[in-house]
Amino acid sequence: MLTNTKAKVIFSLSLLVIILLLSGAYYYWFASSPTEKSKSFKVLVFSKTEGFRHDSIPAGLVAIRQLAAEHQFQVDATEDSSKFTADGLSPYAAVIFLNTTGDVLNAEEEGAFQSYIESGRGYVGIHSASDTMHSSAWYMSLVGAMFTDHPAFAAGTVKVADKVHPSTASLPSNWQRSEEWYNFLQNPRGNVHVLATVDEKSYMGGKMGYDHPVSWCQEVSGGKSWYTALGHAPESYSKDPTFLEHILGGIQWAAGQAEGDCSATVYTDTNYQKQELLTGVQAPMGFDFAPDGRMFFIEINGKVKVYSPVTELATEVVSLDIVSGNEQGVLGIALDPEFAKNNWLYLFYSPAGADNEDRISRFTVKGDKIDKATEKIVLRVPTQRTECCHHGGDLEFGADGNLYLSTGDNTNPFASDGYAPIDETAGRSAWDAQRSAGNTKDLRGKILRIKPKPDGTYTIPEGNLFSDGSGSPEIYVMGTRNAFRFSVSPFDNTVYWGDVGPDAGVTTMSRGPKGYDEFNQAKTAGNYGWPYCIGNNKAYVDYDFATHSLGKPYNCDSLTNDSPNNTGARSLPPARAALIYYPYGPSPEFPEITDSTGRTAAAGPVYKYDKSNANEFKMPAYLDKSLIIYDFSRQWFKEVKLDEQGNLLKINPFLSNMKFDHPIYAKIDKDGSLYIAEYGTGGSDGKISKILYTGAAGNQAPNAQATASVTNGLAPLEVSFTADKSYDTDKDPLTFSWDFNGDGKEDSNLPNPSFIYKKNGNYNAKVTVSDNKGNSSSVIIPITVGNNAPVVTITSPTKRGFFAWGDKISYTVTVTDAEDSTIDCARVKVTPALGHDEHSHPSPTQTGCTGTFETVFSDTNIENTFFYLTASYTDNGAGEAAPLTGASTIVLLSKDRQAEYYDNWSGGKLQTENTADVGAGRNLGFIENGSWLSYKDINLEGISGISARVSSAGSGGTIEVRADSISGPLLATLKIPVTGDWQKWVDVKEELNNVPSGEHNLFFVFSGGSGYLFNVNKFDFIGNGIAMKTK
């Protein structure tokens, strides 16, 4: 670090340069200083300008020379571009473009510079180096982004993301400085590793938005490139030692003299790979790791399993008797910190039986099995099981040895219109979260913290919320709705969690704020406001559900729980605001939170980088102290940077090159790798994967991919295998080795072989894919011979048919099984589930081949709502062949269909926009003559008419409802009137004619005059649909 004395020396040298200029005695500084001695490496400073010339160039050169003198390297300087030849550039480890502008190199010189970079040398660009060579595509890729314009010189705040790269390691997270803040032609993120950004809220004139990089680096064309947009003013070089440390680190890294990873935020398959460890997992919920590398994981249906990294197989550890539906089951798992000595495993689950509770129990693992008799019940959380929803369920140990548990508010959200469920009506306690999340003596809607003892009991750690006895001592955090996934920082035991919020789409004076999901942070114990406050302490209104009368908004700083269902303190701790919060649609407050369907916030781990960790593919040092967050519904991951005080600094993309199927749990093991469970549909399509960071590694292992034509059947069973979709990012040639029967011997070296299984049994076909550098990866496909999986068919209700909320629907399930002579209908399991966009709320599982269920009311009409109906049956197995499960799921559609959730559309200017209609959400707008949209696989059984919610300040028009195409059979024509305003809504309806049977794509074709015609908010399908007919 530069001392104040050194800074004064630099400033004095700058004054000397100015004096020499004024006296006419200034030495022609473009030549090398004759007094320089040979140092360890040499750089060339190039400051030619063909456009604007910065008056900071002389000060910049003086500063770089001073840095060289202090850090043992040499500097040559020139503005003569003829030096850009192979021989002219060969002495230099890096070339520094110091405030160059314009076309400073001709084609031959640029070619020599390109060859120089491709030979492994370095480039450093300072400030207007990005306003250079605009006509050169190669130079543009070298610098990373090109300058377009800038506002006036102003103070601003730089957000430093990379605290390990030599150019930014010593900088403060929030770096206050005055600068000429450049706007760029495009955001370079994704192509370069972003070191720092500028906060456009800290100055006027930024045009890049919420993500405005100002310094970055990259490995490019075989060489290294480092750029900073800073360095406009002479004072940066003469009076700012922090800035000089910044460019010194960039010079040293580009010259190959300092280590630095410039791939960590470049999310490509070259830098990050997803290795699927397990597929076919049945609704995975979480996992934890034993010291020997085994991974214990849970499935919501009651099973605990263990994965061995040696055999690459999973086996069942225990199957618990649980109650299912309403989000109950096996919800959380944690291994004791002393597992290597005591073999204790903790589970949070919903036990079957008369006890209405969820519980933490400790079990003892012996080998790869658990004896249920070893269960010690550690903590009971009383619940109600009649109504849905919210059981939370994450279970984590902190570095302090304390055990943390998240619980949901166990409250039905579907009669509150998407606002706070605070129904105090007699007999409606299950609809009142004040009795749980807002209750100081109730364990629901909380994060609990206890210290387990060897005898199966626990003590209360110091610092919990109610150490004074005014509430349950286990409570660390109160006022949460459904803190589904959380983590405990390994640095200071700060707790981070995602809280899944309610569904209201609009803020109203009568009820309060619209719904938000939250990411929260608890450095100490506290109250986070639910069900009184949400987001940044937006207050709900004290609404009387019986009389529909309005009270006052709650005071988030002074909360009072007056509910008759409250058994705890009346006066509550003040509510704390969320760290991050976001609604449906775009987030004005946190635009980094990518908009998509639904929202289900979940907090992943805080990474603690360990340089001594021998795992070559561990997460990068850049992520040290970063919080990983994700969204189950929107299916993205982000990394959250925090400043030195633990406050929010920046939200950045993470793993944007990968696709996930509803990520439900994420954890970093001691090997430094990130592991992710994907829930899929909640059936047998779940998976658990390992994320490899390969950007800092050498040669990478291939990515093995394999499939089988069949996975079960009778002997002799012929199976065709394929592995030709495997790939290697290094483009190395691949070889294949198949072991079909698990005997450890190679059975084939073809990429796509076939094999005939002649004996009954359970096999694991394994393919190992290797490159020519000795790296390999493998895939295992379980094969069951001697048993056919049962075929489960839901024969009623009609798939993709329509229901209304509150309808009673009958179902019939048929099962055929080649080996089971008789199907036991008592073993047929049927689970209805309310679907909300990308997640669902399962109702209790029923048994039987026939039955009925009721479609519970949704709490909002602005989502893409539907019902899943899933039926499953597990057969008896056959001899040595294991039992197999068959399952079937159908989707049922609610009659109220939000127009914006179309499956296909005409394009053009048609788009969605925020609506002011009842319930809010979004509507379709900018509809022109010829615009259309369609919904796939619609079954109109029992539907006789259709209604549209429309508005028009244009010319109105018509909506033609057609089957199969925009010119298909006409089913109805809706006439759209002019309402006088784009947000003045009316309903129009028509009967359907010539209704086709079966599933069809349904097209809505918009017609009218010129200009924009009308808006559409939703469609309602009229008729009984698939509901049971009432007498």
| request: Would you confirm whether any residue within the stretch 624-632 is charged (D, E, K, R), at pLDDT below 95 and crowded, with 20+ Cβ neighbours inside 10 Å? | output: no
| Residue ID - farthest from Ile781 (Cα to Cα), chosen from residues in the stretch 252-294 that are out of contact with any helix residue (DSSP H, G or I) (no Cβ under 9 Å at 6 or more places or on another chain) and among the charged types (D, E, K, R) | Asp269
| Among (1) at pLDDT below 95; (2) within 26 Å of the chain's Cα centre (by Cα), where does Ala334 come up short? | (1)
| the stretch 167-183 - residue that is surrounded by fewer than 21 Cβ atoms within 10 Å (Cβ to Cβ) and assigned to a strand (DSSP E or B) and, of those, nearest to the chain's Cα centre (by Cα) | Asn174
| Taking the condition of a type in the set (Ser, Thr, Tyr), part of a loop (DSSP other than H, G, I, E, B) and at pLDDT 95 or above, does Ser720 pass? | no
| said: As an exercise: evaluate Ile377 against (1) surrounded by fewer than 20 Cβ atoms within 10 Å (Cβ to Cβ); (2) touching a Phe, Trp or Tyr at 6+ places or on another chain (Cβ under 8 Å) and give the number of the one condition it does not meet. | reply: (2)
| query | Any chance the stretch 250-258 includes a residue that's farther than 30 Å from Ala59 by Cα and not acidic (Asp, Glu)? | reply | no
| task | Tell me the strands (runs of 3 or more DSSP E) entirely within the stretch 964-1031 that contain at least 3 residues that are outside the structural domain of Asp937 (by TED's automatic domain parsing) and more than 38 Å from the chain's Cα centre (by Cα). | result | none
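Go through the stretch 621-646 residue by residue and tally those that are assigned to a helix (DSSP H, G or I) and farther than 20 Å from His193 by Cα. Write out each step before concluding.
If we filter the stretch 621-646 for residues that are assigned to a helix (DSSP H, G or I), which is where we start, we get 621-623.
Going one step further and asking which of them are farther than 20 Å from His193 by Cα, we end up with none.
Looking only at that region, the number is 0.
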| query | Exactly one of (1) surrounded by fewer than 18 Cβ atoms within 10 Å (Cβ to Cβ); (2) under 30 Å from the mean Cα position of the chain (by Cα) is unmet by Thr915. Its number? | reply | (1)
| field | Filter pass, Ser202 being out of contact with any Asp or Glu (no Cβ under 9 Å at 6 or more places or on another chain), more than 27 Å from Ala137 (Cα to Cα), among the hydroxyl-bearing types (Ser, Thr, Tyr) and not assigned by TED's automatic domain parsing to the domain that holds Leu248 | value | yes
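May I ask you to verify whether Ala86 is in contact (Cβ under 8 Å) with a residue 24 or more places away in the chain and under 18 Å from Glu245 (Cα atoms)? Explain how you work it out, then say what you get.
Working: in contact (Cβ under 8 Å) with a residue 24 or more places away in the chain: yes; under 18 Å from Glu245 (Cα atoms): no.
The answer is no for Ala86.
Can you tell me how many residues within the stretch 508-525 are at negative phi and in a strand (DSSP E or B)?
Restricting attention to the stretch 508-525, the residues satisfying the condition of being at negative phi are 508-511, 513-525.
Going one step further and asking which of them are in a strand (DSSP E or B), we end up with 508, 517-522.
Of the residues in that region, 7 qualify.
Of all helices (runs of 4 or more DSSP H) completely enclosed by the stretch 1-100, which ones contain at least 1 residues that are at pLDDT 95 or above and in the same structural domain as Ser225 (by TED's automatic domain parsing)?
Values: elements: 4-23, 57-71, 86-89.
Of the helices (runs of 4 or more DSSP H) lying wholly inside the stretch 1-100, those with at least 1 residues that are at pLDDT 95 or above and in the same structural domain as Ser225 (by TED's automatic domain parsing) span 57-71, 86-89.
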| task | Taking the residues in the stretch 489-513 that are surrounded by fewer than 21 Cβ atoms within 10 Å (Cβ to Cβ) and charged (D, E, K, R) as candidates, determine which candidate is farthest from Glu396 (Cα to Cα). | result | Arg511
| said: Looking only at the stretch 730-767, how many residues end up being part of a strand (DSSP E or B) and among the acidic types (Asp, Glu)? | reply: 1
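It is to be established whether one or more residues within the stretch 647-656 are in contact (Cβ under 8 Å) with a residue 24 or more places away in the chain, assigned to a loop (DSSP other than H, G, I, E, B) and either surrounded by fewer than 20 Cβ atoms within 10 Å (Cβ to Cβ) or of a type in the set (Phe, Trp, Tyr) (or both).
Just the residues of the stretch 647-656 that are in contact (Cβ under 8 Å) with a residue 24 or more places away in the chain, to begin with: 648-656.
With the extra rule that they be assigned to a loop (DSSP other than H, G, I, E, B), the set shrinks to 655-656.
From what's left, either surrounded by fewer than 20 Cβ atoms within 10 Å (Cβ to Cβ) or of a type in the set (Phe, Trp, Tyr) (or both): 656.
Yes; the residues of the stretch 647-656 include at least one that is in contact (Cβ under 8 Å) with a residue 24 or more places away in the chain, assigned to a loop (DSSP other than H, G, I, E, B) and either surrounded by fewer than 20 Cβ atoms within 10 Å (Cβ to Cβ) or of a type in the set (Phe, Trp, Tyr) (or both).
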| task | Mind listing whichever residues of the stretch 228-261 are in the same structural domain as Arg189 (by TED's automatic domain parsing) and among the acidic types (Asp, Glu)? | result | Glu235, Asp240, Glu245
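The values are calculated or read from the model by the stated rules, or taken from the named source; none is laboratory data. These figures come from a predicted structure and were not determined experimentally. No Cβ is skipped: glycine too gets one built from the backbone with ideal geometry, and neighbour counts run over all protein chains shown.
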